[in-house]
Structures are given as structure tokens and as C-alpha cells.
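These notes concern the structure reproduced below.
Read the figures in this text as sums done on the coordinates, not as results from a lab. In this text the structure is predicted, and so the values were computed from the model without any measurement. Positions of Cβ are backbone-derived with ideal geometry, glycine not excepted, and every protein chain shown enters the neighbour counts.
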Amino acid sequence: MGVLRVGLCPGLTQEMIQLLRSRGIKTVVDLVSADLEEVAQKCGLSYKAEALQRIQVVYAFDIFQMLDVLQELRGTVVQQVTGSSGTVKVVVVDSVTAVVSPLLGGQQREGLALMMQLARELKTLARDLGMAVVVTNHITRDRDSGRLKPALGRSWSFVPSTRILLDTIDGAGASGGQRMACLTKSPRQ
């Protein structure tokens with residue numbers, strides 16, 4: 001039975017050990033078998049608040065701002081990797097359709113090229129820097145079949161490695177109803 005000590009795991013400081021011991025947690029077994037959320041509350045620790053403080057929200061209202069933000073993020077993360085500070089783990093883009101769709105269709109031929117440049121930036125963050133990249137894309141209905149399809153169409157369908165369609169179940173209503181997640185593309189299929 002291991003006794004809690006400094007350095008046993010990341011974040012386990014002498015102050016933390018004293019707090020835990022004052023709450024009756026003296027060994028690793030005590031800690032593992034305890035309700036960690038309850039322990040955190042008793043010790044006055046708010047790991048949820050701490051996690052929320054690490055979230056950064058950046059607004060980008062067009063594709064050029066989005067590309068600038070992603071390139072700046074890539075540069076920042078490369079510096080963090082060479083330093084000792086924590087790195088970004090997840091990038092969420094909500095919604096890619098909002099910044100890309102104004103450039104598609106009509107006489108704007110550069111729209112597809114900019115969409116693919118955005119795709120390359122996101123893939124670089126995922127592949128080269130090990131980040132999870134989550135992108136939302138609106139859905140529309142196919143004119144002929146009425147089936148749901150991604151709003152950015154066939155060109156974007158090749159970009160994500162995994163695609164999940166989120167939908168409400170018929171009759172469930174929009175608020176408080178049941179949702180369905182359908183895996184439509186996966187590298188493991």
C-alpha cells in the first residue's frame with residue numbers, strides 16, 4: 001500500500017498531500033477508492049473551474065481571420081512545445097460553414113482553394129502537432145432524395161478523417177429530446 005508523497009504523480013504537492021491527509025486520505029488506495037469530485041470539493045479544489053479557465057475563445061468571422069488565427073496558433077504551439085508550458089490539446093471550429101459558404105458558388109472561383117487551404121491548416125494542427133480538431137459543418141437536405149448531407153458538399157467530405165452526424169430522433173422535439181449520433185466516416189471502417 002503506497003503512501004501519498006510529493007512527486008508520486010503530477011500536481012501532488014506537499015500542500016495537496018496535507019489537504020488530503022486532513023480529509024482522511026493517506027494512501028494511494030484511499031485516493032483511488034475515493035469519489036474524487038467529493039474529495040476536491042472537501043479540499044476546496046475546483047478542477048472544473050480550473051479547466052474552464054484554460055478554455056480560450058477566439059472569434060473569426062471570415063475565412064481570412066480564421067486562417068490568421070490558425071496560423072498564429074500553430075506558431076504559438078510550436079513555441080510552447082520547445083518551452084515548458086502546457087500546449088493546446090483541442091481546437092474546435094464552430095462553424096466552418098459560416099466562414100466558407102460565402103465564398104462558394106457564383107463567380108468566386110477562389111472559394112474552393114481557400115476552403116482547401118483551411119482544411120490543410122486544420123490537418124497540420126492535427127497531424128503535426130497532435131491536436132484533436134473538431135469542426136462543425138451544417139447540414140442540408142438533398143433536393144432529389146431528401147436525405148441529409150453536409151452543407152459544404154462533396155469537396156469537404158474528403159477533409160475529415162472521422163465524421164459524425166448528430167440529429168434529433170423523430171418526435172423527440174428540439175429541446176430535451178433524444179439525440180442520435182451516427183458515425184458516417186471513420187478510418188476504422
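Would a scan of region 68-89 turn up a residue that is exposed (fewer than 13 other Cβ atoms within 10 Å of the Cβ), out of contact with any helix residue (DSSP H, G or I) (no Cβ under 8 Å at 6 or more places or on another chain) and touching a residue at least 40 places away in the same chain (Cβ under 8 Å)? Yes, region 68-89 contains a residue that is exposed (fewer than 13 other Cβ atoms within 10 Å of the Cβ), out of contact with any helix residue (DSSP H, G or I) (no Cβ under 8 Å at 6 or more places or on another chain) and touching a residue at least 40 places away in the same chain (Cβ under 8 Å).
If a residue must be among the basic types (Lys, Arg) and within 14 Å of LEU67 (Cα to Cα), how many such residues does region 87-123 contain? Matching residues across region 87-123 total 2. For region 120-143, the tally of residues that are within 11 Å of VAL91 (Cβ to Cβ) and acidic (Asp, Glu) stands at 1. The residues of region 119-161 that are assigned to a strand (DSSP E or B) and surrounded by 12 or more Cβ atoms within 10 Å (Cβ to Cβ), listed by number, are VAL133, VAL134, VAL135, ILE139, THR140, LEU148, LYS149, PRO150. Does ILE164 qualify as being in contact with a Leu (Cβ under 7 Å, 6 or more places away or on another chain), within 22 Å of LYS185 (Cα to Cα) and exposed (fewer than 14 other Cβ atoms within 10 Å of the Cβ)? So ILE164 fits the description; yes.
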